[in-house]
Amino acid sequence: MAVLADLHVHLLAGLDDGPQTQEEAVEMCRMMAAEEGVGHSVALAHQNEQYPLVTPSRIREAASLLSQELLRARIPLEVFPTAEVMVHPDVVHDFTEGRLLTVADRGQWLLLEMPHNLFVDLRSIVRDLRAAGVRTILAHPERTPELLHEPGAIEELINLGCLVQISTGSITAPPSAAFERALKDWITRGIVHLLGSDGHSPRRRAPRIAAAAELINRWVPGVHAEQICTSNGLAVLRGRTLMLHPPAAPRRRSWFSRLWT
């Protein structure tokens, strides 16, 4: 398997609910590189009302310090400063004012998550952000039933220019059989573009990604799996053009449902 890219992991000590010390952060990075096969990763912190002091400059500084620690410890993991931004009414204004940090600080992609336990129609926000010069990566949208189970909902956001990042725990420990079927359907139809462990600490929500990558390689072997697990993420982190394959396809309807239309 190729070296993996983790597009969702909290590695910045003391900024949010991720690792609380630099020692914990370095331990997570060592685990990712040595045990999980990760070579490239975001170094996330939340940007939301719960963490009002988490600014782009603080994320940049923390990620730079972490990179220096990894060099000293000879841990072969490349990390990129990134924010996980919770959707809020002023998110477009905050982006244009420079208050939000993009993925890898490149100004190309903004990682957005839904508010906790709340569905928000993202279409106008995605359009407005793109008009402001940045495209959207959807953080773990599989956790939102309105996107996972409503035919056409996630496809519409992809057609507006979004990328879909799913969490490894959703693959390895799905909450129900229906959830697992729907998520596998996403993966096999080309809905999923990026993989992230959503790791938060060495033990509590550890940054495990290899087992999920192995399952993806079973479900969609070859180039498609490699794109989800490695090359799409690396392209985002390094500012390269993505070669998405295959494109999102319409969800197949069962013969039973067609009897009633």
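The values are calculated or read from the model by the stated rules, or taken from the named source; none is laboratory data. Just so it is clear, the model here is predicted, and its values are computed rather than measured. Counting neighbours? That spans all protein chains shown, and the Cβs are built from the backbone with ideal geometry, glycine included.
Let me confirm something: among Ala131, Ala177, which residue is small (Gly, Ala, Ser), at pLDDT 95 or above, more than 14 Å from the chain's Cα centre (by Cα) and under 30 Å from His93 (Cα atoms)? Lay out the reasoning, then the answer.
Details: Ala177 fails: under 30 Å from His93 (Cα atoms).
Criteria check complete, one pass: Ala131.
Looking at the range 97-120, I want the residues that are closer than 21 Å to Ser57 by Cβ and have a partner that is among the charged types (D, E, K, R) with Cβ atoms under 8 Å, at least 6 apart or on another chain. Which pairs are those?
Taking only residues 6 or more apart or on different chains, the pairs are Leu100/Asp94; Leu101/Arg60; Ala104/Arg238; Asp105/Arg60; Gln108/Arg135; Trp109/Arg135; Leu110/Arg135; Leu111/Glu84.
Somewhere in the range 130-143, is a residue crowded, with 23+ Cβ neighbours inside 10 Å, hydrophobic (A, V, I, L, M, F, W, C) and in contact with a helix residue (DSSP H, G or I) (Cβ under 7 Å, 6 or more places away or on another chain)?
For the range 130-143, residues crowded, with 23+ Cβ neighbours inside 10 Å, hydrophobic (A, V, I, L, M, F, W, C) and in contact with a helix residue (DSSP H, G or I) (Cβ under 7 Å, 6 or more places away or on another chain): present.
Restricting to the range 11-46, what's the tally of residues that are touching a helix residue (DSSP H, G or I) at 6+ places or on another chain (Cβ under 7 Å), among the β-branched types (Val, Ile, Thr) and not in a strand (DSSP E or B)?
1
Can you find a residue that is among the charged types (D, E, K, R) and farther than 21 Å from Ala212 by Cβ anywhere in the range 26-48? Before the answer, list the steps.
Filtering the range 26-48 for residues among the charged types (D, E, K, R) gives 27, 30, 35-36.
Now restrict to residues that are farther than 21 Å from Ala212 by Cβ: none.
Checked the range 26-48: no residue is among the charged types (D, E, K, R) and farther than 21 Å from Ala212 by Cβ.
Go through the range 70-105 and give me each residue that's in a loop (DSSP other than H, G, I, E, B), over 28 Å from Glu36 (Cβ atoms) and touching a His at 6+ places or on another chain (Cβ under 9 Å).
The initial filter retains those residues of the range 70-105 that are in a loop (DSSP other than H, G, I, E, B), namely 74-77, 87-90, 97-102.
Narrowing the set further to residues that are over 28 Å from Glu36 (Cβ atoms) leaves 87-90, 97-100.
The one that is in a loop (DSSP other than H, G, I, E, B), over 28 Å from Glu36 (Cβ atoms) and touching a His at 6+ places or on another chain (Cβ under 9 Å): Arg99.
Please go through the range 1-52 and give me each residue that is under 20 Å from Arg72 (Cα atoms), small (Gly, Ala, Ser) and crowded, with 24+ Cβ neighbours inside 10 Å, ordered by number.
Of everything in the range 1-52, those that are under 20 Å from Arg72 (Cα atoms), small (Gly, Ala, Ser) and crowded, with 24+ Cβ neighbours inside 10 Å turn out to be Ala25, Ser41, Ala43.
From the set of residues in the range 182-215 that are hydroxyl-bearing (Ser, Thr, Tyr) and under 19 Å from Ala34 (Cβ atoms), which is surrounded by the fewest Cβ atoms within 10 Å (Cβ to Cβ)?
Taking the range 182-215 first, the residues hydroxyl-bearing (Ser, Thr, Tyr) are 188, 197, 201.
Then keep just the ones that are under 19 Å from Ala34 (Cβ atoms); that gives 197, 201.
Details: Ser197: 26, Ser201: 18.
Here the residue is Ser201.
Conditions first: (1) closer than 30 Å to Ala13 by Cα; (2) within 17 Å of the chain's Cα centre (by Cα); (3) at pLDDT 95 or above. Glu214 passes all but one, so which condition is the exception?
Glu214 satisfies all of (1) closer than 30 Å to Ala13 by Cα; (2) within 17 Å of the chain's Cα centre (by Cα); (3) at pLDDT 95 or above except (2).
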